[in-house]
Every structure is written in structure tokens, then in C-alpha cells.
Amino acid sequence: FNVCSSDLFTPGPTPLLPAAQFAMAAADIHHRTPEFRAMFQKVLAQLKVFVGTKNDVLLLSSSGTGAMEASVSNLTSPGDKVLVLTAGKFGERWVGLAKAFGCEPDVMSAPYGQTFDLAAVKAALKPEHRVVFLQATETSTAVRHDVEAIAKLVGQTDALLVVDGITGLGTTHFDVDGWGIDVLIGGSQKAVMIPPGLSYLSVSEKAWAAMETSKNPRYYFDLRKERKNAAKGESAYTPAVALIAGLGAALDYIAGQAGGDLEKGRMALVDNAQVNAAATRAGLVALGFTLFAPTAPAAAATAVAVPEGMNSGDVVKALKSRFALVTANGQGEMQGKIFRVAHLGFFDYLDTVALLGAMEHIAKHTLGLPVVYGQAVAAAQQVYADAVKE
Ligand SMILES: *Cc1c(COP(=O)(O)O)cnc(C)c1O
């Protein structure tokens with residue numbers, strides 16, 4: 001018997017924040033009215049704080065990939081040499097996008113489950129690279145990349161730095177302006193706890209200047225046009241009004257977690273993800289699973305490998321059928337080998353303990369591992385106790 005129809009533990013979408021659901025249901029307003037303009041301007045101002053930048057932040061009605069495409073189409077010209085740092089499926093998306101817009105990508109890759117060797121990044125960077133693309137966290141492998149260190153290397157060149165922070169925002173501390181991140185991208189179905197359909201991105205002055213001369217075609221995702229409209233409190237085309245209302249409510253909620261201070265609320269959200277990720281890792285290792293990304297684990301999600309000869313799909317299926325708990329299998333060649341659980345936005349200590357309690361049953365009865373009930377939960381509780389200095 002499951003009280004909830006489903007519990008999403010996936011790295012996007014996440015469970016929906018109730019306050020955001022109410023705001024979405026109430027959002028039947030027209031987008032060329034003072035009511036909408038007031039709401040849109042409020043949300044854009046909140047997003048700047050959430051991203052943590054003085055740069056413009058734009059909101060697009062598209063899934064996260066739309067903002068990735070906008071970064072490529074607005075910043076590059078056909079024939080441009082760019083550098084893509086890839087360590088998984090989302091890094092490979094940058095390669096596909098760069099090629100689709102006629103760029104010539106140099107690709108520096110790290111094996112699945114690992115992050116980049118900084119000396120190799122330094123060696124791969126060439127003066128002719130116009131843009132460097134990477135993920136903050138590679139969700140397909142649950143790896144976190146060292147954006148600060150990579151930004152330092154890119155900062156020694158003229159290249160623009162574009163970071164897909166779609167699962168990094170809300171799970172990683174960034175200093176966008178201090179590190180010199182020219183574009184940082186987020187998505188609605190991740191740490192901000194609302195449905196898919198919105199992406200947002202911060203854009204530096206250097207990136208705006210590059211758009212003056214870039215020649216790739218763009219129409220729906222014309223960032224200069226969006227910037228002009230945003231200054232008037234509008235978007236170029238009909239925006240996803242209900243999602244924007246939901247985003248405003250979610251950001252209010254995050255601020256409310258720190259007495260109304262959104263910057264502090266953002267920090268608390270990131271810290272929460274980090275503690276839950278560490279607790280989840282400890283719990284799953286205590287059950288006999290192997291971390292897929294032991295050297296650079298993300299706080300956005302945890303990926304674990306099942307023991308040799310077992311299929312991670314069996315874990316995903318059993319969690320769903322027994323507990324209505326939805327996790328993610330590995331993508332592509334990682335399917336069947338790993339499964340992933342998220343710590344984005346919505347999840348807290350109670351969710352983590354519940355997940356690990358369910359995992360004990362699955363490890364014992366579905367996979368036949370020697371489990372003593374409580375062993376994963378106890379390991380997670382210790383991590384939590386240490387984090388809150390109990
Ligand atoms: C979810 C995600 C995306 C965006 O995917 P969409 O399906 O377009 O929203 C991009 N990059 C990363 C790292 C992600 O986790």
C-alpha cells in the first residue's frame with residue numbers, strides 16, 4: 001500500500017513544492033499586463049540572488065537544453081573553435097550542440113565516473129578557443145567538476161566560459177562574478193522544485209559583447225531580444241506564466257528557510273544537498289554498493305554501481321513496485337550497471353533515511369545481499385549527526 005502515487009528521487013524532475021503548486025494553479029494572468037510585469041521582474045531579481053551574480057539573468061520558456069542551445073547559438077559563429085570538457089551524457093550534449101551550429105569542437109573527455117585532470121585541461125586550452133563548455137555536475141555519472149579551478153585556467157585565456165549548472169545550482173556554492181563564469185545555466189525541474197519547462201541563465205558583459213559579432217542563426221532563443229524585453233518586465237514571446245509564478249513561490253520558500261534572506265536560503269539549500277548526499281553515500285556503501293564517482297561525488301545526485309553480475313534495473317524496478325519510489329537507471333552504456341538518486345532541492349533528512357530504509361529491503365530481498373536492518377540508516381544518521389555537530 002502506497003500513500004503517495006509516486007515519490008520522485010530522480011535528478012530532475014524532483015517532487016513539486018506545495019507552495020509552488022498553489023501559485024501555479026492561481027496563475028491565470030495575461031503576460032502583457034502590469035500584474036505579470038511585476039511578477040516577472042520580481043522573479044528575475046530573485047534569480048540573480050539565487051544564481052549569486054550581478055550579471056543579467058534571463059528566463060526562457062524551454063527545458064534546460066534550450067538555454068544550452070541559446071549559449072551556443074548566441075555566442076558562436078560557424079567555424080569557431082571551441083573546447084568541450086565532457087565526462088558523460090550531458091557533456092556529450094555540448095559536443096552535439098556545438099557541431100549543430102557549425103563550430104569545431106575540441107573535445108577533452110574524462111572517463112565516466114571521473115572528473116578532469118586539471119593539467120590536462122590546461123594543456124587542452126588553446127588561444128584559438130572562443131568558448132569553453134562544461135557541466136558543473138555531470139548528472140549522468142553524478143560527478144562534480146571543479147568549476148573554480150577550471151575557471152581560473154580559462155581566465156588566463158580570452159575564451160568565454162559557459163557552465164551547465166542545471167543540477168549544480170542549488171547543490172554547489174558558486175562565485176559567478178569572482179570566478180568569471182560568463183554563462184551559468186539552470187533548469188526548473190531541478191533544485192527549484194517546480195515542473196520542467198523553464199530554463200534560466202546568467203550572462204556576463206563579456207558574453208554580451210561577444211553577441212555583437214557572433215553570426216550563428218537564432219530566433220526563438222535570441223538572448224539580446226530577451227534582454228530588451230526583460231528590461232520592460234516582459235519576454236519576447238508568450239512565456240510559461242504558470243511556471244514563472246511557481247518559480248517565484250519556490251524562491252520565496254527558499255528565502256523563507258533563512259528568515260527571508262534568499263542568499264542565505266540558497267546557501268542552506270546547498271548545504272542540505274551536501275549533507276544528504278554524504279549520508280546517502282555512507283548508507284549505500286554500508287550496504288555493499290560501490291560509489292560510481294568516488295573521487296568527485298556530486299551533491300546533486302549519487303550514482304552507485306551494483307555488485308558484479310547484478311542489474312541496477314532490478315533495483316530501480318523493485319523500488320518502484322514496492323515503495324512507489326522512483327530512481328534513475330544509468331544512461332546509455334551505464335544502463336544496468338548503476339542507479340542514481342537525487343538530493344536536489346526537495347529532499348531532506350527524512351527522505352534520505354526513508355530511501356535508505358527501503359534500500360535495505362531491496363538489497364536483502366531483490367539482490368540477496370547480506371543485510372542487517374538498520375545498517376544503511378545508521379551510517380546515514382552518523383553523517384547527519386556529525387554535520388549538525390550533535
Ligand atoms: C537535466 C539536465 C539538463 C537539461 O535537460 P532538459 O531535459 O533539457 O531539461 C542538462 N544538463 C544537466 C547536467 C542536467 O542534469
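The values are calculated or read from the model by the stated rules, or taken from the named source; none is laboratory data. A quick note: this is a predicted structure, and the numbers were derived from the prediction, not measured. Please note: Cβ atoms are built from the backbone with ideal geometry, for glycine as well, and neighbour counts cover all protein chains shown. Heavy atoms of the whole protein, side chains included, go into the accessibility calculation; ligands, DNA and RNA do not. Shrake-Rupley method; radii C 1.70, N 1.55, O 1.52, S 1.80 Å.
Taking the criterion of being in contact (Cβ under 8 Å) with a residue 60 or more places away in the chain and either in contact with a helix residue (DSSP H, G or I) (Cβ under 6 Å, 6 or more places away or on another chain) or of a type in the set (Val, Ile, Thr) (or both), the residues of region 360-372 that qualify are Glu360, Leu369, Val371.
Does Arg322 satisfy being closer than 22 Å to Val192 by Cβ, outside any loop (DSSP other than H, G, I, E, B) and not aromatic (Phe, Trp, Tyr)?
On the way: closer than 22 Å to Val192 by Cβ: no; outside any loop (DSSP other than H, G, I, E, B): yes; not aromatic (Phe, Trp, Tyr): yes.
Considered against the rule, which asks whether it is closer than 22 Å to Val192 by Cβ, outside any loop (DSSP other than H, G, I, E, B) and not aromatic (Phe, Trp, Tyr), Arg322 comes out as no.
With the condition kept exactly as written, say whether any residue in region 343-361 is touching a Phe, Trp or Tyr at 6+ places or on another chain (Cβ under 8 Å), assigned to a loop (DSSP other than H, G, I, E, B) and surrounded by 15 or more Cβ atoms within 10 Å (Cβ to Cβ). Yes: one or more hits.
Name the one entry in Ile194, Ile150 that is part of a helix (DSSP H, G or I) and among the β-branched types (Val, Ile, Thr). Answer to the selection: Ile150. Can you find a residue in region 231-240 that is touching a helix residue (DSSP H, G or I) at 6+ places or on another chain (Cβ under 9 Å) and of a type in the set (Val, Ile, Thr)? No, the conditions are met nowhere in region 231-240.
For region 127-146, the set of residues classified as open to solvent by 10 Å² or more (accessible area, probe 1.4 Å) and closer than 15 Å to Ala191 by Cβ consists of Thr139, Arg144, listed by residue number.
May I ask you to verify whether Gly66 is touching a strand residue (DSSP E or B) at 6+ places or on another chain (Cβ under 6 Å), crowded, with 17+ Cβ neighbours inside 10 Å and under 30 Å from Glu234 (Cα atoms)?
Working: touching a strand residue (DSSP E or B) at 6+ places or on another chain (Cβ under 6 Å): yes; crowded, with 17+ Cβ neighbours inside 10 Å: yes; under 30 Å from Glu234 (Cα atoms): yes.
Spelling it out, Gly66 is indeed touching a strand residue (DSSP E or B) at 6+ places or on another chain (Cβ under 6 Å), crowded, with 17+ Cβ neighbours inside 10 Å and under 30 Å from Glu234 (Cα atoms).
Please verify whether region 345-352 includes one or more residues that are closer than 24 Å to Ile194 by Cβ and without any contact (Cβ under 8 Å) to a residue 60 or more places away in the chain.
Going residue by residue through region 345-352, those that are closer than 24 Å to Ile194 by Cβ are 345-352.
Then drop every residue that is not without any contact (Cβ under 8 Å) to a residue 60 or more places away in the chain, which leaves 350.
Yes, because at least one residue in region 345-352 is closer than 24 Å to Ile194 by Cβ and without any contact (Cβ under 8 Å) to a residue 60 or more places away in the chain.
In the set Ala124, Ala119, only one residue is out of contact with any strand residue (DSSP E or B) (no Cβ under 8 Å at 6 or more places or on another chain), at pLDDT 95 or above, aliphatic (A, V, I, L, M) and away from the ligand (no atom under 16 Å from the Cβ); that residue is Ala119. Give me the residue from region 299-326 that is buried (at least 24 other Cβ atoms within 10 Å of the Cβ) and within 16 Å of the ligand (Cβ to nearest atom) and, out of that set, nearest to Pro111 (Cα to Cα). Restricting to residues being buried (at least 24 other Cβ atoms within 10 Å of the Cβ) and within 16 Å of the ligand (Cβ to nearest atom), the top hit is Ala303.
A search for C-beta distances below 6 Å between a residue of region 59-87 that is farther than 28 Å from Arg37 by Cβ and any residue that is within 11 Å of the ligand (Cβ to nearest atom) and among the hydroxyl-bearing types (Ser, Thr, Tyr), counting only pairs 6+ apart in sequence or on different chains, returns nothing.
Keeping to region 165-181, report how many residues are open to solvent by 10 Å² or more (accessible area, probe 1.4 Å) and either in a loop (DSSP other than H, G, I, E, B) or in contact (Cβ under 8 Å) with a residue 40 or more places away in the chain (or both).
Filtering region 165-181 for residues open to solvent by 10 Å² or more (accessible area, probe 1.4 Å) gives 166, 172-175, 177-180.
Still in the list and also either in a loop (DSSP other than H, G, I, E, B) or in contact (Cβ under 8 Å) with a residue 40 or more places away in the chain (or both): 166, 172-175, 177, 180.
Total meeting the criteria: 7.
The residues in region 229-276 that are in a helix (DSSP H, G or I), closer than 16 Å to Ala38 by Cα and open to solvent by 50 Å² or more (accessible area, probe 1.4 Å) can be counted, and the count is 2. Selection of first residues in region 373-390 that are buried (at least 19 other Cβ atoms within 10 Å of the Cβ) and of second residues that are not in a helix (DSSP H, G or I), restricted to Cβ pairs under 6 Å at least 6 apart or on distinct chains, gives the following pairs, ordered by first then second residue: Ala376/Leu287.
Hey, which of the helices (runs of 4 or more DSSP H) in region 1-102, taking only ones fully inside, have at least 1 residues that are charged (D, E, K, R) and within 16 Å of the ligand (Cβ to nearest atom)?
Values: elements: 18-25, 34-51, 64-75, 89-100.
Correct list: 64-75, 89-100.
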